[in-house]
Amino acid sequence: MEIVFDKVTKNYGPINVFRDFDLKINPGDFVFITGPSGSGKSTLIKLILNQIKPSSGDVLIDGQALNHLQNKNEIDKIRRKIGVIFQDYQLINDLTIEENIALNLDIIAYPQEKIPSRIDQVIKMVKLQHRHFLFSSQLSGGELQRACLARALSIEPEVILADEPTGNLDPVNAWNLIKILQDINEKFKTTIIMTTHNTDFIESLDKKVIKLGKTEHENS
Amino acid sequence: MKILKLTLHHIRRSPFQSLMAFFTVFTCFFLLNSFLLVNRGLSTVLNYFETKPEITIFLKDGLDQATVESVQKELASYPDIKEIRYISKEKALSLYKDMNKDNPLLTEMVTASILPASFEVSAYNPKVLEVIAQNFSAKSQVVDEIIYQKDVIQSLLTWTQIIRRSSLILITLFMLIAFVMIFTLIGMKITNRKDEIKISRLLGASKFYVKKPFLLEGTIYGLIGSFFGFLLSFIIIYNLRFAINSFFQPIIFIPNLTFFEPLLLLAEIFVGIFIGLSASWLGARRYIKW
């Protein structure tokens, strides 16, 4: 899946986050997005998900401009190919972790009979074997982040968007998560777009890095 | 996660709201079905009175057989006539004696010659009787007197119309209450679950996918509410059947079970599902904005 930002400008009222921002992410890339708080890292993720619209310019996925899609269902199809690890987890509170994963698999129309084994697989991958039957309110921040990763991995996505996925993890678990993402990127050529403040990962791994600057106030 | 499982999960997660929706539909269909069954009995009562002999034409004395027959033929030529009964002088006497058998003083002095022969006419359409009364009142050479309970028929006709119209209004009102109740409840549930819907949409769920559990939920309220509403009113009315029927004797107010009841159940379930589905569809359309 190719992701292109073509002269994207994004304003939140008087705050300008991006101005004529160009970016191209090729299929199979592993990209770190870094920058200070408020520099637009999460905005970039939201623009790719079409959760918010650019003020001007286009975000193109495989050549399709998201704000000019002919068929409104097209965005659903695109989202089904993207696994997301949200900064605020976005797990459904009154479903257990395995039910959250099952819901995502159901959304992408994963064969019903294969859902339990797929859940087992990803739960083991993120080491949540003894927690999968719990609700999100019963998990720690790190466990929630791993549950989010499990949900994202479960759908075998073409792209993984990870918004500060290591923010709540201890160094060991953080490196484990990076290793999982790296493995998936190498094995399945899954595109990984990860926002982070952690310079250790960026320096240790030889990956593409996009540095975002400070946001501008239009009046200043 | 299968749609039914998710829907049942929604219902379990807000049991009081769900119970409220169920009881509203249940009450509506309980009242609706009770009203339909009672209305059916009332229609039988009205039909009974409507089609009873309503006009009696007393003949003049001394008419020959041919004249009596020509009157009978003329009466038979009117449309919607149910029955024409000729009561001869002798038959009139026997009826009179039968009616007053406990009072011999009233019967001793009466002979067949002082009682008039008559025609008792009943019709399917009471309006025909009015026409007959008008036409025969002009035949003074053969008709002695006409007894036509016009006011009673008029009153029955008015009541029939009032009952049928009011039943239509009440049924429409019940349906509207059930519809608005489910619509509002689904709206509340959607608002309560908006985070879940937003998350599902971000994961790629289509609008129809996120609407499905709410549509099914509305359908379940309609289905279960209409079924149990029917069942309870049916059980109550059919348990009181003998008492009700003996009160309305000789009219059978609540008849024995026929194919009508299963058909009524199916029709009510269909209407219940339609109300539940359409109300939840409209609620989902109105409240799911993400």
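Quick note: the coordinates plus some simple rules give every number you see, no bench work behind them. The shown structure was predicted, so the numbers you read here are calculated from the model rather than taken from an experiment. Cβ: placed from backbone, ideal geometry, glycine included. Neighbour counts: every protein chain shown.
Placing unit charges on the Cβ atoms of the charged side chains and taking the dipole of the stretch A:1-72 about its Cα centre, the candidate lying farthest along the positive direction among A:SER39, A:PRO54, A:GLY13 is A:GLY13. Does anyone have the angle between helix A:97-107 and the longest principal axis of chain A? Alpha-carbon axes, 0 to 90°, nearest 10? Roughly 60 degrees between the two axes. To the nearest Å, what is the center-to-center distance of the stretch A:3-20 and the stretch A:162-181, using C-alpha atoms only? Measuring centre to centre over Cα atoms gives 28 Å. Charge dipole of the stretch B:55-148 (Cα centre as origin; +1 on each Lys and Arg Cβ, -1 on each Asp and Glu Cβ, all else neutral): 100 debye, rounded to the nearest 20. Taking 21 Å as the straight-line reach from the Cα of A:LYS10, the lysines in range (excluding those fewer than 8 positions away in the same chain) are A:LYS24, A:LYS41, A:LYS46, A:LYS53, A:LYS211, A:LYS214.
Partners of B:LYS101 within straight-line reach, counting lysines whose Cα lies under 25 Å from its Cα and excluding those fewer than 8 residues away in the same chain: B:LYS52, B:LYS89, B:LYS91. Comparing Cα centroids, the stretch B:1-44 and the stretch B:167-201 end up 13 angstrom apart. Temperature 37 °C, viscosity 0.692 mPa s: under these conditions the Stokes-Einstein estimate for the stretch B:55-148, based on its Kirkwood radius over C-alpha pairs, is 232 µm² per second. Is chain A rounded, prolate or oblate when judged by the Cα gyration tensor, a ≥ b ≥ c being the square roots of its eigenvalues, rounded requiring a/c under 1.5 and prolate requiring a/b larger than b/c? Prolate. For the segment B:193-202, counting C-beta atoms of other chains within 10 Å of every residue's C-beta and taking the mean gives 5.
Projected over every direction and averaged, the convex hull enclosing the alpha-carbon atoms of chain B yields 21.6 nm². The mean count of C-beta atoms from other chains within 10 Å of the C-beta of residues in A:102-115, rounded to a whole number, is 3.
Other protein chain C-beta atoms within 10 Å of residue C-beta, averaged over A:48-56: 1. Placing unit charges on the Cβ atoms of the charged side chains and taking the dipole of the stretch A:84-177 about its Cα centre, the candidate lying farthest along the positive direction among A:ILE108, A:LEU161, A:GLN129 is A:GLN129. For a straight C-alpha distance cut-off of 19 angstrom, the lysines reachable from B:LYS212 (same-chain residues fewer than eight places away being disregarded) are A:LYS72, A:LYS77, B:LYS2, B:LYS5, B:LYS189, B:LYS194, B:LYS198, B:LYS289.
The charge dipole of chain B, taken about its Cα centre with unit charges on the Cβ atoms of Lys, Arg (+1), Asp and Glu (-1) only, comes to about 2940 debye. Simple spin-label estimate for A:ASN73 and B:ARG40 gives 4.4 nm between the two label positions (7 Å along the Cα-to-Cβ direction from each Cα).
May I ask for the longest run of chain B untouched by trypsin sites (Lys or Arg not before Pro) that are loop-located per DSSP and have at most 15 neighbouring C-beta atoms (other than their own) within 10 Å?
Longest run free of exposed loop sites: B:140-288.
Which helices pass in chain B if a helix is a full DSSP H run, must span at least 24 angstrom along its long axis by Cα, and must have mean Kyte-Doolittle hydropathy not below -0.5?
Qualifying helices, which must be both long enough and hydrophobic enough, are B:15-50, B:150-192, B:207-239, B:260-287.
When the charge dipole of the stretch B:47-202 is built from unit charges on Cβ atoms (+1 for Lys and Arg, -1 for Asp and Glu) and taken about the Cα centre, the candidate among B:SER167, B:LEU95, B:LEU105 whose Cα reaches farthest toward its positive end is B:SER167. Charge dipole (Cα centre; +1 on Lys/Arg Cβ, -1 on Asp/Glu Cβ; no other charges) of the stretch B:176-282 amounts to roughly 540 debye.
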